[in-house]
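Asker: Below you will find the structure I want to go over with you.
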Amino acid sequence: MFVVRRLRSVWVPAYAPLNGRSLGMKIEFVAAEVQPSETTALAVLAFEDGALSATAEALNERMSGALKRAIAAGRFKGAMGQTLDIVAPAGLAAARVVIVGAGKKDAFDDRAAELAAAHAYGAVKTSGSDVLLLALADWGPERAAHAAFGARLAAYRFDKYRTTEKPEKKPSIGVLRIAAADAKAAGKAFKPLSSLADAVVFARDLVSEPANVLYPEEFARRVQKLCELGVEVEVLGEKQLKALGMRLLLGVGQGSERESQLVVLQWKGGKAGDAPIAFVGKGVCFDTGGISIKPADGMEEMITDMGGAAAVTGALYALAARKAKVNAVGILGLVENMPDGAAQRPGDVVKSLSGQTVEVINTDAEGRLVLADALWYCQDRFKPKLMIDLATLTGAIIVSLGKDLAGLFSNNDALAENLLAASKASDDPLWRMPLPAQYEKNIESQVADMKNVGPRYGGSITAALFLQKFVNGLPWAHIDMASTAWKPNSAVPTIPNGATGFGVRLLDRLVADFYEG
Ligand code: BES
Ligand code: MN
Ligand code: ZN
């Protein structure tokens, strides 16, 4: 079994130079016979009810049964996420052998491969080993490719500002080697997943970046990188937005030193003349609340208030990188919500791009103001077949759904069903919420066509009802991802603590399964 052979590997760049960072784990697919080195962590899979992968069986034999004895001696049952770290036996040139639980053997699908590989990475990431060799030769190329994808997502770190971290706290794994039955085919199957991971990482980096670095103009500058993938990028500044009449969006940004921006992304991979599908993202680069200022405690998390815009950017990245056969538009409403002498006041009445007027009761309900103008602009200019907005819109959605689920609101059942299906397939969980007409009265104003907040109760619903007034009857869905953009304590191994990149995989999957070709 473990005979030294020359290493045959398929190289796939692990980290797109698009991010401007060359850091990251190298990913290689190698032949099953490839030997570990002295410093390698060798990971093999074991399943519930004692079933071992063929590679694990062979290794056990080679170790005179020590692998099974180690399992029998403890509580390892092969459940997904369980790992057992044992010292490599004499004669096997490896630092350690890690047995990775992968759940039920007949339920070992692509997603299970992602999770198992992510757990394997987690088990050895700071072990001191420099290579993780994951034995997956029992399965086909897709499984191996998804394992690489899972480990890649698990290995994400935003550490560019850390200069004094102790070496032993830093990840030691620099190379992930996946032993596959057909290394070449696995490398090929990984290609689209590799660019999807790049897109998720691009979105995570945007969300992680602090607001002194990432303000609207800088966000727009970074998005220019998508041009390299064939995305058309347009940036509208305040002068143009004023001329257009986007006063709701500009009102939010008027208390900031930073100039508001509207970014328009277009990927034309479908038939010329086909109506596009459109994604609209809330891009509040920092949300102090404005004059209705937020309490200091936890305000730093408001660097993530551009998570919707990051998701839309990542989605366009993913679609373009895999040359999806679809016409897609992305609109990013980029502003900074600050209180200063020029800031918008509670009680201000503002005329939207749609012509409807809004009484601004609370300047902290700013996301819906930005989106209202962005949605109207989107439907007016592109006549899309549907619009989906993503926004870290309300704290109330966290109260409603907790931190694992984002809220889905839609005026169209078919679109909602498609999104729920894509959500199940992509690990970006959604839960549908209602849009009850009887709550419309909650945002009636005495002086304008509507006000921007209702009572505290049902706050996510009134926010969605507000947005609905700006979609002009188009099939539309709103995803309130205030709950899922940022995870202080993630329980999902492919999502490290911090920026999740929520929405990128969801939208990519939605297009792939329902709107392509
Ligand atoms: N950006 C916040 C929502 C948010 C809260 C995002 C927690 C992420 C985590 C949004 O702009 C906001 O401030 N919403 C207010 C609305 C209220 C004034 C009606 C809220 O949720 O308190
Ligand atoms: Mn706010
Ligand atoms: Zn906000």
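Throughout, read-outs are computed from the coordinates displayed, never taken from laboratory work. On a predicted model such as this, the values are computed, not experimentally measured, just so you know. All Cβ positions, even for glycine, are placed from backbone atoms using ideal geometry, and neighbour counts span all protein chains on display.
Asker: Measuring from label point to label point, each 7 Å out along Cα→Cβ, what is the Gln438 to Asn411 span in nm?
Answerer: So the label points at Gln438 and Asn411 sit 2.2 nm apart.
Asker: With an 8 Å cut-off on Cα pairs and a minimum separation of 6 or more residues, tell me the relative contact order of segment 92-215 in percent.
Answerer: It comes to 30 percent, rounded to a whole number.
Asker: Here's another thing I want to ask about it. For segment 239-299, what are the per-bin percents of Cα-Cα distances with bins 5 Å wide, up to the bin holding the maximum?
Answerer: 3, 12, 20, 18, 15, 12, 9, 5, 4, 2, 0
Asker: Right, next: Which percent of the Cα-Cα distances in segment 125-169 go past 11 Å?
Answerer: Every Cα pair in segment 125-169 considered, those over 11 Å come to 76 percent.
Asker: If you don't mind, there's one more thing I want to ask. Taking the convex hull of the Cα atoms, report for segment 410-481 its projected area averaged over all directions, in nm².
Answerer: 5.3
Asker: Now, a different point. Using 7 Å Cα-to-Cβ label points, what is the Lys403/Lys77 separation (nm, one decimal)?
Answerer: Result for the modelled spin labels: 2.6 nm.
Asker: Moving to a separate point now. Quick one: divide the alpha-carbon radius of gyration of the chain by 2.2 N^0.38 Å and tell me what you get.
Answerer: In units of the 2.2 N^0.38 Å rule of thumb, it is 1.04.
Asker: Give the calculated FRET efficiency between Ala491 and Ser445 to the nearest 0.05, with a Förster radius of 41 Å applied to their Cβ-Cβ distance.
Answerer: Calculated transfer efficiency: 0.45.
Asker: Starting with the highest mean, order 501-509, 186-194, 60-68 by the number of other Cβ atoms within 10 Å, averaged over the residues of each peptide.
Answerer: Order by mean packing, descending: 501-509, 186-194, 60-68.
Asker: Say each of Lys26 and Thr357 gets a label point 7 Å from the Cα, pointing the same way as Cα to Cβ; how far apart are those two points in nm?
Answerer: Reported label-point gap for Lys26 and Thr357 is 6.6 nm.
Asker: When the Cα atoms of segment 164-241 are enclosed in a convex hull and the volume is divided per residue, what value in Å³ results?
Answerer: Spread over its residues, the Cα hull of segment 164-241 gives 139 Å³ apiece.
Asker: Additional query: At 0.36 nm per residue, and after removing the present C-alpha to C-alpha distance, how many nm does the segment from Glu142 to Thr39 gain when stretched out fully?
Answerer: Full extension of this stretch gives 34.3 nm more.
Asker: Further question on the same structure: How far is helix 307-321 tilted, in degrees, relative to the longest principal axis of the Cα atoms in the chain, given as a value from 0 to 90 rounded to the nearest 10?
Answerer: The angle comes out at about 60 degrees.
Asker: Quick one: work out Rg over Rh on the C-alpha atoms of segment 27-70, Rh as Kirkwood radius.
Answerer: So for segment 27-70, dividing Rg by the Kirkwood Rh gives 0.99.
Asker: Using a Debye calculation, one point per C-alpha and no hydration shell, please list log10 I(q)/I(0) for segment 334-430 at q = 0.13 Å⁻¹ in order.
Answerer: -0.62
Asker: Could you rank the peptides 240-247, 361-368, 109-116 by their average count of other C-beta atoms within 10 Å per residue, with the highest value first?
Answerer: Ranked from most to least packed, the peptides come out as 361-368, 109-116, 240-247.
Asker: Another question, then. For a bin width of 5 Å, list the pair-distance distribution of segment 292-386 built from all Cα-Cα distances, rounded to whole %.
Answerer: Bins of 5 Å from zero give 2, 10, 17, 19, 18, 14, 9, 6, 3, 1 percent of pairs.
Asker: With the Cα gyration tensor of segment 371-500 in hand, give its eigenvalues times 5 under a square root as the equivalent ellipsoid semi-axes, listed largest first in whole angstrom.
Answerer: Working from the Cα gyration tensor, I get semi-axes of 26, 18, 13 Å.
Asker: Take the Cα atoms of segment 172-324, find their three principal axes, and give me the spread along each one in whole Å, biggest first.
Answerer: Largest first, segment 172-324 extends 61, 47, 20 Å along its Cα principal axes.
Asker: To continue, here is another question. For segment 61-192, which semi-axes, largest first and in whole Å, follow from the square roots of 5 times the eigenvalues of its Cα gyration tensor?
Answerer: Semi-axes (√(5λ), whole Å): 23, 21, 14.
Asker: Translational diffusion coefficient, Stokes-Einstein: compute it for segment 447-510 using the Kirkwood radius over C-alpha pairs as Rh, at 10 °C and 1.306 mPa s, and state it as an integer in µm² s⁻¹.
Answerer: After rounding, the answer is 110 µm²/s.
Asker: Taking Lys184 as the anchor, which lysines have their alpha carbon closer than 30 Å to its alpha carbon, excluding any fewer than eight residues away along the same chain?
Answerer: Lys26, Lys104, Lys105, Lys125, Lys225, Lys323, Lys325, Lys424
Asker: What FRET efficiency would be calculated for the residue pair Ala342, Ala243, taking the C-beta separation as r and a Förster radius of 22 Å, to the nearest 0.05?
Answerer: The calculated FRET efficiency here is 0.70.
Asker: Suppose R0 equals 25 Å. What FRET efficiency, 1/(1 + (r/R0)^6) with r the Cβ-Cβ distance, do Asp130 and Ala296 give to the nearest 0.05?
Answerer: Given R0 = 25 Å and the Cβ-Cβ separation, E is 0.05.
Asker: For helix 459-468, report the angle its Cα long axis makes with the longest principal axis of the Cα atoms of the chain; keep it between 0 and 90° and round to the nearest 10°.
Answerer: Taking Cα atoms only, the helix is inclined about 70 degrees.
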